């Protein structure tokens, strides 16, 4: 698909979101010694909404894909485009970990398997959510209210049967996937007009959510279930309100600067979000094994960590362009379909 055939704003949005992901990791690994990053004001802002919105965007496009394809074809495509890179990059991460700090008395194959199923939770979540969406189509579950109820109830179900963080995070984020999935069937332009009209109220509500939010409300500390109802409600409300505010602001910016060079470049980054997410995940993992911040440095405000994030993301983008040149590396590392005649 050429750039002119794509939804460029969607690519621009995904580009901004992946920059937020890398910025959050830059703050985490480059600024703070220990766990001080959890309370960082920029880190907190990023983590109140960026993954819910990313998951919502995935749901939005899953609906569009399921409108064009059969459920079986959709599920199969998601399996090989997401599962194969997850296996490959998870294996690389396990290999790097073993090479850097050799583990004694371990079953190497089990360790590799355990690393694969516990790393890159966001990609796992998109894969599992997509398979569930395909199954809903197979089962002819099309009633919007029933689908919304499924998404809401999934957030409240406790997970007694597993300690796997990927499954826990996937469950907690499914409601945002469903929100994006359902929004794909409505007129987004009308919603944007409403949000733009009441943007000040959205900003005030977002500020209130930000002030109430604590690190204990992060997905990494507290699950969303019936036993943590306050967190579940706050996470859902904050994710929706701050995502709406971010969407409204970024679309307004995009309207003003759609033809600017920077906007176009961010949109290009948005076409490679999965590859960027996978590679930066391995990079962060490796850096954490070699580089240790001696003290929590405040020589640079957290907002400025967007700069190294942009540099790193740009470097990864061009690395991905090289990976794409070979059909086999593109397939196994990025999940790109092997086309006849590709080399």
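Annotations for the structure displayed:
- Residues in the range 196-210 include none that are within 28 Å of residue 66 (Cβ to Cβ) and modelled with pLDDT under 95.
- Odd one out for residue 143 among (1) under 26 Å from residue 233 (Cα atoms); (2) in contact with a helix residue (DSSP H, G or I) (Cβ under 8 Å, 6 or more places away or on another chain): (2)
- Qualifying positions in the range 173-219 - within 21 Å of residue 129 (Cβ to Cβ), free of Cβ contacts under 8 Å to residues at least 12 places away in the same chain and either assigned to a loop (DSSP other than H, G, I, E, B) or touching a strand residue (DSSP E or B) at 6+ places or on another chain (Cβ under 9 Å) (or both): 186
Yes/no per residue for (1) closer than 29 Å to residue 209 by Cα; (2) at pLDDT 95 or above; (3) assigned to a helix (DSSP H, G or I):
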{"site": "251", "(1), (2), (3)": "yes, no, yes"}
{"site": "275", "(1), (2), (3)": "no, yes, yes"}
{"site": "279", "(1), (2), (3)": "no, yes, yes"}
{"site": "289", "(1), (2), (3)": "no, no, yes"}
{"site": "294", "(1), (2), (3)": "no, no, no"}
{"site": "298", "(1), (2), (3)": "yes, no, no"}
{"site": "308", "(1), (2), (3)": "yes, no, yes"}
{"site": "316", "(1), (2), (3)": "no, yes, yes"}
{"site": "320", "(1), (2), (3)": "no, yes, yes"}
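- Subset of the range 161-183 (residues that are in contact with a helix residue (DSSP H, G or I) (Cβ under 8 Å, 6 or more places away or on another chain), more than 17 Å from residue 143 (Cα to Cα) and surrounded by fewer than 18 Cβ atoms within 10 Å (Cβ to Cβ)): 162, 165
- Failed criterion for residue 233 (all others in (1) closer than 28 Å to residue 39 by Cβ; (2) touching a residue at least 12 places away in the same chain (Cβ under 8 Å); (3) surrounded by fewer than 19 Cβ atoms within 10 Å (Cβ to Cβ) hold): (2)
- Among (1) assigned to a helix (DSSP H, G or I); (2) within 28 Å of residue 159 (Cβ to Cβ); (3) in contact (Cβ under 8 Å) with a residue 60 or more places away in the chain, the one test that residue 223 misses: (1)
- Residue that is nearest to residue 58 (Cα to Cα) [pool: residues in the range 122-140 that are surrounded by 14 or more Cβ atoms within 10 Å (Cβ to Cβ), in contact (Cβ under 8 Å) with a residue 40 or more places away in the chain and out of contact with any helix residue (DSSP H, G or I) (no Cβ under 6 Å at 6 or more places or on another chain)]: 122
The values are calculated or read from the model by the stated rules, or taken from the named source; none is laboratory data. These numbers were taken from a predicted model, which means no experiment stands behind them. All Cβ positions, glycine included, derive from the backbone under ideal geometry; neighbour counts span all protein chains shown.
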